[in-house]
1. Just to be sure I understand, how many residues within segment 250-273 are surrounded by fewer than 23 Cβ atoms within 10 Å (Cβ to Cβ) and more than 27 Å from residue 77 (Cβ to Cβ)?
2. Run residue 316 past the list (1) within 16 Å of the ligand (Cβ to nearest atom); (2) buried (at least 22 other Cβ atoms within 10 Å of the Cβ); (3) in contact (Cβ under 8 Å) with a residue 40 or more places away in the chain and report the number of the one that doesn't hold.
3. If a residue must be farther than 18 Å from residue 59 by Cα and either in contact with a strand residue (DSSP E or B) (Cβ under 8 Å, 6 or more places away or on another chain) or of a type in the set (Ser, Thr, Tyr) (or both), how many such residues does segment 137-165 contain?
4. So which of 149, 186, 109 ends up being modelled with pLDDT under 95, in contact with a helix residue (DSSP H, G or I) (Cβ under 7 Å, 6 or more places away or on another chain) and of a type outside the set (Ser, Thr, Tyr)?
5. For residues in segment 321-345 being under 18 Å from residue 145 (Cα atoms) and near the ligand (Cβ under 10 Å from one of its atoms), which is surrounded by the most Cβ atoms within 10 Å (Cβ to Cβ)?
6. Whether any residue in segment 303-311 is away from the ligand (no atom under 14 Å from the Cβ), within 21 Å of residue 344 (Cα to Cα), under 29 Å from the mean Cα position of the chain (by Cα) and part of a loop (DSSP other than H, G, I, E, B) is what I want to check.
Amino acid sequence: MNELDTHTFRLAVAQFNQAADAMHLDDNLRQRLTLPQRSLLVSVPVRMDDGRVEVFTGYRVQHDTARGPSKGGIRYHPAVTLGEVAALAMWMTWKCALADLPYGGAKGGVKVDPKQLTRGELQRLTRRYAAEIFPLIGPDKDVPAPDVGTDQQVMAWIMDTYSQQVGYAVQGVVTGKPLSIGGSLGREEATGRGVVYVTLEALRHLKVDIANATVAIQGFGNVGSHTALIMHQAGARVVAVSDVTGGLYNPKGLDVPELLRRYREHRRPLREIPLGESLTNEELLRLDCTVLVPAALSEQITQANAAALRCRILAEGANGPTTLEADRILTDKGVFIIPDILANSGGVIVSYFEWVQDVQRFFWKAKDIQDRLQDLITNAFLGQRVHDLDAIAGENLVKRKRSRRSAGFGVKLGHHCLGFRLLVCRFAGADNESQPIRRQILFRINSLQFPLYTISCGPGQSCAYDMGSRPDLAAPGDAPGSDNRHSPPSRIRDAVAPNPP
Ligand code: NAD
């Protein structure tokens, strides 16, 4: 579809196709999932302070709603396009599925530089955009959240505009709101906190002590600054951080709390704060460090610079920071990639908590939120590691796939969690001798209540998309009446069976 044809959308589709190819995904499912379910393009006329009316272009895209209401941020940035928003919406589908949230994926955006607007203009833009996308959003339909260029104030304006239309306060229509109108404790730092939790798991897996870990972070906005602070609190040495103007480097470790204080109070570019040597964004990416966290924009790590990266772990705080070509180079280098759909999922996880609290009108303590976030994101991490699979699948899988890149293999596929999960079935069902293993794996997947779609596969067969006609999730090799304890409850099965394309 030409309207979607942008670099970011091609990247998202190529990632998906790579996973779909690997597991011989049924064509019906592939075709459906490579395109968004709904795309809305709106014109947003705004009365500017000088009396002119300027018309901005906005979008809201829902990629998939099979698992529940769609969920995804709203971005204000001059480079926003329909293709970029559609790519981000697709990544949200995988991200919500990986964290096992009852959501589909969505994203929205307005092509605007919010820094060029006055507060009044920003409010009028937001309210008009909210009014234009009103038919698509709602607590049971599609729930926006902040993203690049938007914040809790913007969410408050959207909630208010929506509530005015329906006549009562609807807190669950957006997440990332101020606390006073139904926001959640811990939402602001949730994405950075999630980045830290999964990085700690990766360090544990690689047997690196946090006290010996050095961290470099590109981007010092919401995700980057909270990641820096929580990494520092966890005992890591944050050696470099950057914003759009460049960054700061201190091999002994930056004083992150002091840096944040000065950055917020003085509102100066990072590189002008005398707490380290200045360095460029490109130099930061090439630093010798344990953990590199890209937390700015997409496609920062490309074919041009991937080979020069010297990190051991790449924790993708931003969405889509690594191109496909770079992904291959890094995998070959043995870099342990924690893919964006996992690394930055803390934001949507706590957004989910906020939505649950709003709907229930019952609010949780900060400690509850942190514990539940750690629980969910750690489960998502553990569920997608190849060495975990090795343990489950035993020799059949391990012999074929264990290599010096076995971690890379798992992590690379983790980029496409949907594919990765389905691939588990594919490998398990690909060998006659693996019948018992297949059962175990199906049980494991179902016990996580993960299935985005019902998948079946038998010995020597590819996985196929079950359109809901099968009485249960038993693989074709199972005899009627055989032990199907691994089948998910029918409620879940019914809920996840999407309409035929
Ligand atoms: P933000 O606007 O708060 O911060 C962005 C930061 O990146 C700023 O420090 C900015 O100066 C810097 N930056 C911009 N362009 C840059 C460039 N070319 N080089 C280096 N730095 C640059 O945005 P955010 O909310 O922190 O989001 C950052 C990334 O994380 C985005 O990709 C976003 O989609 C993703 N993300 C955000 C959340 C969230 O909860 N905020 C959740 C998931 C994913």
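1. 8
2. Only one criterion is unmet by residue 316, namely (3).
3. Total satisfying the criteria: 2.
4. On inspection, the qualifying residue turns out to be 149.
5. My answer is 343.
6. The answer is yes, given that some residue of segment 303-311 is away from the ligand (no atom under 14 Å from the Cβ), within 21 Å of residue 344 (Cα to Cα), under 29 Å from the mean Cα position of the chain (by Cα) and part of a loop (DSSP other than H, G, I, E, B).
The values are calculated or read from the model by the stated rules, or taken from the named source; none is laboratory data. All values derive from a computational prediction rather than experimental measurement. Here Cβ is always computed from backbone atoms with ideal geometry, including for glycine, and neighbour counts include all displayed protein chains.
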